Amino acid sequence: MADLRRLFGTRIEAVVAYGGRAPEWSHCMVLVSSLTMDDLTGLAAAVPKWHARGLATPLVMPREEFARSLDTFPVEYGEIIDTHEVLAGRDPFAGVILHPADLRRGLEHRAASHLLHVRENYIHSGGRPAAVTALVKDSAPGFETLLRRMARLDGTPVEGPGQLARWAAARTPLDARVVGDVLAVANEPSPAVDAVRLLPEYLQALETLLRVIDKWPVP
């Protein structure tokens, strides 16, 4: 925080942590009144020190730019809004509304991109078991995000993988066991799931999810 205050001073409008639970937040967003090349250079110089302390590179942007891009990144910003804690300044998300049509469109784009990347990365892996396992583990959190944002679009905020799996089983044609296995890979340090065997079903689930999102009714 001291580095941010040194760089931006009174131009800091809000600092929020997100992407986990206190005190082990994984990400930080900094909204400022203005952002210059000199600011970016200062941030770049500070990053090695932050990384050495286990801190992620912060997401820094002008507040006005954030407000304008809500309809462009509704999935990503929705996750931040739902999981954030204000560290400095006023809550920048008070009164912010994500429109259902924007969220459904964003979910479709995100799901299609996720599916394409999983397929592409499997080809790139050469089918090597260790690489396939890493692919499933690295991409599983993205699948969880898609389901959680769909539940939000459905008006059913969920807490934890168990509730999310039950929502998916009740509200989509996704296979409950496959959903549970992917969520286990996303959340458990040593899941009792064979990622190599899971991959074909995981891909099928992604294909099904994309079709579901495409037809999801928006009020």
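None of the figures in this text is laboratory data; all of them are computed from the coordinates on show. In this text, all values refer to a predicted model and were calculated from it rather than measured experimentally. Please note: Cβ atoms are built from the backbone with ideal geometry, for glycine as well, and neighbour counts cover all protein chains shown.
With a Förster radius of 41 Å, plug the Cβ-Cβ distance of Ala130 and Ala176 into 1/(1 + (r/R0)^6) and report the FRET value to the nearest 0.05. For Ala130 and Ala176, the calculated efficiency is 0.90. Computed over the chain, relative contact order equals 18 percent, with contacts defined as Cα pairs under 8 Å that lie 6+ residues apart. About the centre of its Cα atoms, region 1-136 shows a dipole size close to 320 debye [charges on the beta carbon of Lys, Arg (+1) and Asp, Glu (-1) only; nearest 20 debye].
Farthest toward the dipole's positive end in region 2-89, which of Leu59, Ala46, His27, given Cβ charges of +1 (Lys, Arg) and -1 (Asp, Glu) about the Cα centre? It is Ala46, whose Cα lies furthest towards the positive end. Helix 195-215 axis versus longest C-alpha principal axis of the chain: approximately 80°, rounded to the nearest ten. With Cα atoms defining each centre, region 56-130 and region 200-216 are spaced 19 Å apart in the structure.
Net charge near Thr57: determine it from the other residues with C-beta under 15 Å of the C-beta of Thr57, scoring Lys and Arg +1 and Asp and Glu -1. Residues close to Thr57 contribute a combined charge of 0.
For the chain, find the longest principal axis of its Cα atoms and tell me its angle to the long axis of helix 129-153, 0 to 90°, nearest 10. Tilt relative to the chain: about 70 degrees. Modelled label positions at Ala112 and His99, each set 7 Å beyond Cα in the direction of Cβ, lie 1.9 nm from each other. Counted over the chain with a bin width of 5 Å, the fraction of Cα pairs per bin, in whole percents, is 1, 6, 13, 16, 16, 15, 14, 10, 6, 2, 0. Farthest towards the positive end of the charge dipole of region 2-89, among the residues Ala2, Ala17, Tyr77, is the Cα of Ala2, using unit charges on the Cβ of Lys, Arg, Asp and Glu.
In this structure, Ala192 and Asn121 have a Cβ-Cβ separation that, at R0 = 22 Å, corresponds to a calculated FRET efficiency of about 0.40. Helix 176-187 and the longest principal axis of the Cα set of the chain meet at an angle near 40°. Could you estimate the translational diffusion coefficient of region 2-89 from the Stokes-Einstein equation, with Rh from the Kirkwood formula over C-alpha pairs, at 4 °C and 1.567 mPa s, in whole µm²/s? The Stokes-Einstein estimate is 96 µm²/s. Packing, as the average of other Cβ atoms within 10 Å across residues, places the peptides 195-202, 87-94 in the order 195-202, 87-94, highest first. Considering region 100-215 at the alpha-carbon level, its Rg and Dmax are found to be 13.5, 41 Å.
Under the convention that each Lys and Arg Cβ holds +1 and each Asp and Glu Cβ holds -1, the size of the dipole of region 132-191 around its Cα centre is about 160 debye.
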